[in-house]
Amino acid sequence: MNRKLYGKNIYEISRPGRVGYYLGGNGCEDVLSSMPAGLMRGEAPVLPEVDEPAVVRHYTNMSTNNFGVDTGFYPLGSCTMKYNPKINDEIASMPGFTQLHPLQPADTVQGALKAYYDLQTMLSEIGGMAEFTLNPYAGAHGELTGLMVIRRYHESRGDMNRTKVIVPDSAHGTNPASAAVAGLTVVEVGSLPDGTVDVEALRPLLDETVAAVMMTNPNTVGIFEHNIPAISGMVHECGALLYYDGANLNPMLGVARPGDMGFDVMHINLHKTFSTPHGGGGPGSGPVGVRAGLEEFLPNPRVVKRTVDDEDIYALDYGVEKPSMTLGRISSWLGNFTVELRALAYILSLGRDGLRMAGPLATLNANYIKESLRDVYKLPIDRVCKHEFVFDGLADKSTGVTTLHVAKRLLDHGFHAPTIYFPLLFHESLMIEPTETESKETLDEFIAAMREIAREAAETPDVVKEAPHLTPVRKPDDTAAALNPVVTFI
Ligand SMILES: *Cc1c(COP(=O)(O)O)cnc(C)c1O
């Protein structure tokens, strides 16, 4: 129900025969009369009959019932959307890009191919890799692609027994899932109390059956993995490859490069770090980079550049010359092209110096919140964090107020909840990532709200437990919603 339509839903204000549009004389009748009878519907759809302002208000009101990054602070750890400049949406909507047909001959889409090529070159520079493919549609899809590249690499050397992938217990859930989809067996390695991977536990797992070790750095608890050089040495010594999950690359941009740390294959989430707004499953893009020597295993088509008489010519390489090596297609065309355009616009507009500011600012903001709240929320890993960090719920657990309650109560204060109950390392994980673009005033308001909730938890815990009180929909029953979803409006 939409409260702003005077407490009624749009069907209740419907009156027979009322219309809010005029379509006279537009030729529709001719089209309808030439339509085969079998394709015509028997009865008119049951739609509300309302005036135009009611329709506009209905949709506009609905759009503000949801929480979004354009309506408030969104400190969702790990999967955060960072900075999404609106100008990039406009650039990605330019008809010269959106009206291309994917089957157009390459000589008619040189500009689009140049955009693809330039972005993959810039990502290679940022990641310290030899080449990137932009074809995968999301982070998880990038992981799958990267692991298939790794399998191809081992197979090309006749090394057929490498069927295991080692994944830290702090890893994002997509890491083990992608390894399983790639047909590999997942082996978990534990973390130390300081949040980093346990190198001594990793050592005995490394043998000639390991295809790859997947790492995230900074890891999903926001801690920099300082043992990467040692881990890289061990992994390569046993013949395996080192995979870098760069879904959230903002703390590293221009500061450090996975390629220089010894990573062989990596992916980046353009929809988190490089400015595509996303939610509810898309749109995404998960480019995959490889170090020198692995390029030929990348999926096709690859965009290649030739220079003829000082002119750059871009073409698509389908890998037909070395069919045994290539992975073939991983996606229908060249990936999610408009997401790629936003990333290119983002990189070009910020430039090297702008990109370099993201990491220090994201790190400063995260540490500022962490230090401002650590007396009232439990800080299980007490170290300088990078772009995000994890609390293990409230410091005082005696009130029965849980992380879920805190998250719901934050909605009453106008803030989106942080990521909750992930990572699985702690019972009451509350993972906060403020991002690089939030002002000190916003951070201070958030800190004040979190402190207020901690005070309420001690003094009036039921107010927190019954939250949210002010949202259009209060507390849905998640289990009932999953078992008995109501997916129609009436
Ligand atoms: C979001 C995320 C992924 C998966 O990316 P999707 O685009 O959601 O598939 C993988 N790893 C980490 C660390 C992430 O934050």
At q = 0.18, 0.23, 0.25 Å⁻¹, what log₁₀ I(q)/I(0) does a Debye calculation on the Cα points of the range 202-295 give, no solvent, two decimals?
-0.85, -1.21, -1.34
Run through the DSSP bridge list for the chain and note the antiparallel percent, rounded to the nearest 5.
60 percent
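Based on Cβ point charges of +1 for Lys and Arg and -1 for Asp and Glu, what charge dipole magnitude is obtained for the range 72-159 about its Cα centre, in debye rounded to the nearest 20?
On the way: 6 positive and 9 negative charges, 30 e Å.
With Lys and Arg at +1 and Asp and Glu at -1, about 140 debye.
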Determine Rg/Rh for the range 112-215; Rg is computed over alpha-carbon atoms and Rh is the Kirkwood hydrodynamic estimate from the same atoms.
1.03
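Report, in debye and to the nearest 20, how large the dipole of the chain comes out about its Cα centre when Lys and Arg carry +1 and Asp and Glu carry -1 on their Cβ. All intermediate terms of the calculation are to be shown ahead of the outcome.
Numbers: 41 positive and 60 negative charges, 142 e Å.
Dipole of the chain, to the nearest 20 debye: 680 debye.
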Here the averaged projected area of the range 1-115, based on the convex hull of its alpha-carbon atoms and given in nm², is 14.0 nm²
Could you sort the peptides 343-353, 466-476 by per-residue average Cβ neighbour count (10 Å cutoff), highest mean leading?
343-353, 466-476
Amide H neighbours of Asp245 under 5 Å, at least 5 residues apart or on other chains, H built in the peptide plane: list them.
Met215, Thr216, Asn217
Could you go through the range 452-463 in sequence order and give the Karplus-derived ³J(HN,Hα) for each residue, using 6.51 cos²θ - 1.76 cosθ + 1.60 with θ = phi - 60°, rounded to whole Hz, and x for Gly and Pro?
4, 5, 5, 5, 4, 4, 7, 9, 9, x, 5, 4
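Normalised by the empirical 2.2 N^0.38 Å for globular proteins, what value does the Cα Rg of the chain take?
1.11
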Over the C-alpha atoms of the range 312-379, what are the Rg and the largest Cα-to-Cα span, Dmax, in Å?
21.4, 63
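My understanding is that a pair violates if its Cα-Cα distance is over 18 Å; which of Lys386/Lys408; Lys82/Lys408; Lys408/Lys475; Lys164/Lys272; Lys370/Lys440; Lys82/Lys440 do that in this structure? The partial results should precede the final answer.
Working: Lys386/Lys408 26 Å; Lys82/Lys408 22 Å; Lys408/Lys475 8 Å; Lys164/Lys272 29 Å; Lys370/Lys440 14 Å; Lys82/Lys440 16 Å.
Pairs exceeding the cut-off: Lys386/Lys408; Lys82/Lys408; Lys164/Lys272.
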Report Rg (one decimal) and Dmax (nearest whole number) for the range 104-161, counting Cα atoms only, units Å.
14.7, 46
Under the Karplus relation with 6.51, -1.76 and 1.60 and θ = phi - 60°, whole-Hz ³J(HN,Hα) for the range 468-476, x at Gly and Pro, equal x, 9, 10, 8, x, 10, 7, 9, x
Karplus-derived HN-Hα couplings along the range 440-445 (A = 6.51, B = -1.76, C = 1.60, θ = phi - 60°), whole Hz, x at Gly and Pro:
4, 4, 5, 4, 5, 5
Furthest towards positive pole of dipole, Leu348, Asn26, Val401, structure part the chain, Cβ charges
Asn26
Which of the peptides 331-340, 132-141, 236-245 is most tightly packed, and how do the rest follow, judged by the mean count of other Cβ atoms within 10 Å per residue?
132-141, 236-245, 331-340
Set Lys and Arg Cβ to +1 and Asp and Glu Cβ to -1, take the dipole of the range 98-192 about its Cα centre, and tell me which of Gln104, Leu123, Gly158 lies farthest positive.
Gly158
Per the 1.4 Å probe, what fraction of the accessible area of the range 410-482, in percent, lies on carbon and sulfur atoms?
56 percent
Assign unit charges at the C-beta atoms only (+1 for Lys and Arg, -1 for Asp and Glu), then state the dipole size of the range 393-490 relative to its Cα centre in Debye, rounded to the nearest 20.
280 debye
Given the Cα atoms of the range 160-236, and with Rh set as the inverse mean 1/r over their pairs in the Kirkwood sense, what is Rg to Rh to two decimals?
0.94
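Starting from the coordinates of the alpha-carbon atoms of the range 24-72, obtain the Kirkwood hydrodynamic radius over all distinct pairs and give the value in Å to one decimal. Don't jump to the answer; show the numbers that get you there.
Values: mean 1/r = 0.0677 Å⁻¹.
In the range 24-72 this quantity evaluates to 14.8 Å.
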Normalized C-alpha radius of gyration of the range 52-169, against 2.2 N^0.38 Å?
1.56
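Divide, for the range 251-397, the radius of gyration over alpha carbons by 2.2 N^0.38 Å, where N is the residue count. Intermediate values should be presented prior to the final figure.
On the way: Rg = 20.4 Å, N = 147, 2.2 N^0.38 = 14.7 Å.
Ratio of Rg to 2.2 N^0.38 Å for the range 251-397: 1.39.
The values are calculated or read from the model by the stated rules, or taken from the named source; none is laboratory data. Predicted model, so just to flag it, every value in this text is computed and none were measured. Cβ atoms come from the backbone with ideal geometry, glycine included; neighbour counts cover every protein chain shown. Just so you know, the surface numbers come from the protein's heavy atoms only, side chains and all, with ligands and any DNA or RNA stripped out. Shrake-Rupley method; radii C 1.70, N 1.55, O 1.52, S 1.80 Å.
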